[in-house]
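Presented below is the structure to which this report refers.
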Amino acid sequence: MGDANDMWGGRFAAGPSAIMEAINASIGFDRRLARQDVEGSRAHAAMLAATGIVTPSDAEAIREGLAAVLAEIEGGRFAFRTDLEDIHMNVEARLRELIGEPAGRLHTARSRNDQVATDLRLWVREQCDQAADGIAALQRALLDQAEAGADWPMPGFTHLQVAQPVTWGHHMLAYVEMLGRDAGRFRDARARMNESPLGAAALAGTGFPVDREMTADALGFDRPMANSLDAVAARDFALEYLAAASICATHLSRLAEELVIWSSAQFGFVLMSDQWSTGSSIMPQKKNPDAAELIRAKVARVNGAFVALATVMKGLPMTYSKDMQEDKEQVFDAADTLALSLAAMAGMVATMTPRAEAMRAAAATGFSTATDLADWLVREAGLPFREAHHVTGALVARAEGKGCDLSDLSLEEMREAHPAIGEGVFDVLTVEASVASRRSYGGTAPENVRAQVGRWRERLGG
């Protein structure tokens, strides 16, 4: 092998210092792109042969050599070298050791600029698919919970204050809907990023008669990118992935927060599995929802990755600057964090035990059926809603003064607030009646919950 300084094309008389080597090298993290790098090189070599730029025999030697290099990497036998800077040069150097001169022809009509853009696009595209799969697994766990508790009343909250009764199933479905939009964002991002930078070369395209449609098709892209400058410069595909990941992680954090609250002794709505909890080193009675708390915190890492990459890109002129080497660690960490968080949340949701009686008792507190009383006054007694709201407020104040719930007031007491109130009012003051009445599309009625569970199971394929 030649001197490590060969990659600089003779520009420098001496190699970079140890500090420069350390700051310049990316092989410590971009080795994760090895498979994508080899896939891109295989497609490029096949195209070079098909267009007559290299001979078929050279292309075949390159193809076999790349397969051997990838086998070494995946088998843990590859010796990565920091002095070779990145995954591209590490692969090419090893290919040259294995097959000799033909390896030098692989980089014809290509630059590391379009090569790395292609590799990262391939990697991020896979992460979009994996995120969608992880979301679907969590959605199925939520659907199982929703179906089991389609008619279990629980408090619905605004400002974390009891507002109106809802059902456990309805609450679970809220997260199914949120996550469905998350999956849609990843699908949309994938569709937008599915264009090939390969063939843009350093920035201006190439004078060789390359077939960019051929390489795009070989790598599963819909088309080549239409502007060589944009192909090299663009990292918005990674930003869009990180934005989708950040929103998804935020949704996971909101659910994690509710699990922390619900599993507390003060709420007691759910019992978390021992698999996803830890004990205290000093307090033997404690059972801490650590997995939920960690998910709640990990959104910060994903948000940070988006902000970091957006900040890297904000001041860069066209086309490639070495700053863009800082894109990968952010994307890698966010993808790992999101995948772990989705898997952990799916495990927690699947194994948690809802405590239906505790939720039902809590749903009946805080005058949660006051809106049902107001609606009854409008529907049955013909009051304008504003007057019904006022009458209901007076009855809530009376019940609060007596330390009882609305349903515990006598008919006579209710009629003192308004003479049109009749015995039928008591039929709407239970939490079961309240949730059953909310049959409007998207409402909490058990029949709605079951219908939505069925719709989502069909959409997710079971």
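The values are calculated or read from the model by the stated rules, or taken from the named source; none is laboratory data. From a predicted model like this one, the values you see are computed outputs, not experimental measurements. As a convention, Cβ positions derive from the backbone with ideal geometry for all residues, glycine included, and neighbour counts pool all protein chains shown. Each accessible area value is taken on the protein alone, full model and side chains, heavy atoms only, with ligands, DNA and RNA left out. Shrake-Rupley method; radii C 1.70, N 1.55, O 1.52, S 1.80 Å.
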Put +1 on the Cβ of each Lys and Arg and -1 on the Cβ of each Asp and Glu in the chain; which of 178, 69, 166 then has its Cα farthest toward the positive end of the dipole? 69
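If you roll a 1.4 Å probe over the heavy atoms of the protein chains, what accessible area per residue do you get for the chain, in Å²?
46
Projected area of the chain, taken from the Cα convex hull and averaged over every viewing direction, in nm²?
29.9
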Can you list residues from other chains, or at least 5 along the same chain, whose modelled amide H is less than 5 Å from the amide H of residue 154? 166, 167, 168
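Could you give the length gained by full extension between residue 250 and residue 451, i.e. 0.36 nm per residue of separation minus their alpha carbon distance, to one decimal place?
Values: separation 201, 0.36 × 201 = 72.36 nm, distance 2.72 nm.
Full extension from residue 250 to residue 451 adds 69.6 nm.
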Straight-line reach from residue 322: which aspartates and glutamates have Cα under 13 Å away, leaving out those fewer than 8 places along the same chain? 85, 86
Projecting each Cα onto the charge dipole of the chain (Lys/Arg +1, Asp/Glu -1 at the beta carbon, about the Cα centre), which of 449, 79, 313 comes out farthest on the positive side? 313
Under the Karplus relation with 6.51, -1.76 and 1.60 and θ = phi - 60°, whole-Hz ³J(HN,Hα) for segment 117-133, x at Gly and Pro, equal 4, 5, 4, 5, 4, 4, 5, 5, 4, 5, 5, 4, 5, 5, 5, 4, 5
Theoretical FRET efficiency, 1/(1+(r/R0)^6), r = Cβ-Cβ of residue 192 and residue 293, R0 41 Å, to 0.05: 0.75
In Å and whole numbers, how far do the C-alpha atoms of segment 53-153 stretch along each principal axis, longest first? 73, 30, 27
Given +1 on the Cβ of Lys and Arg, -1 on the Cβ of Asp and Glu, and no further charges, what dipole in debye does segment 18-108 carry about its Cα centre, rounded to the nearest 20? 160
Mean separation of Cα contacts under 8 Å (at least 6 apart) over the residue count of the chain, i.e. the relative contact order in percent, is 17
Out of 399, 189, 461 - ranked by how far each Cα lies towards the positive end of the dipole of the chain, with unit charges on the beta-carbon of charged residues - the top one is 189
Run the quick spin-label model on residue 413 and residue 339: label points 7 Å from Cα toward the beta carbon, then report their separation in nm to one decimal. 6.0
So what's Rg/Rh here for segment 363-460, counting alpha carbon atoms and using the Kirkwood radius for Rh? 1.09
Could you work out how far apart the two model spin labels at residue 326 and residue 24 are, taking each label as a point 7 Å from the Cα in the direction of the beta carbon, and quote it in nm? 1.9
If each residue of separation counts as 0.36 nm, what is the full-extension length gain between residue 160 and residue 440 once their alpha-carbon separation is subtracted? 98.4 nm
Shape metrics for segment 154-294, restricted to C-alpha atoms - Rg then Dmax, Å: 23.9, 73
Full extension between residue 79 and residue 394 adds, at 0.36 nm per residue less the Cα distance, a length in nm of 105.5 nm
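Probe radius 1.4 Å, ligands and nucleic acids ignored: give me the carbon and sulfur share of the accessible area of the chain as a rounded percent.
Details: 11150 of 21080 Å².
The value for the chain is 53 percent carbon and sulfur by accessible area.
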Non-local residues with an amide H under 5 Å from the amide H of residue 288, with H modelled 1.01 Å from N and Pro and chain starts lacking one, are 278, 279
Tell me the angle of helix 168-193 to the major Cα principal axis of the chain, expressed in degrees between 0 and 90 and rounded to the nearest ten. 20
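Hey, what D do you get for segment 18-108 in µm²/s if you plug the Kirkwood alpha-carbon radius into Stokes-Einstein at 20 °C and 1.002 mPa s?
Numbers: Rh = 13.4 Å.
Rounded to a whole number, D works out at 160 µm²/s.
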How large is the charge dipole for segment 363-460, taken about the Cα centre, if only the Cβ atoms of Lys, Arg (+1) and Asp, Glu (-1) carry charge, to the nearest 20 debye? 660
Modelling each spin label as a point 7 Å along the Cα-to-Cβ direction, I'd like the residue 50/residue 217 distance in nm, to one decimal. 0.6
When only the heavy atoms of the protein chains count and the probe is 1.4 Å, how do 229, 66 rank by accessible area, highest first? 229, 66
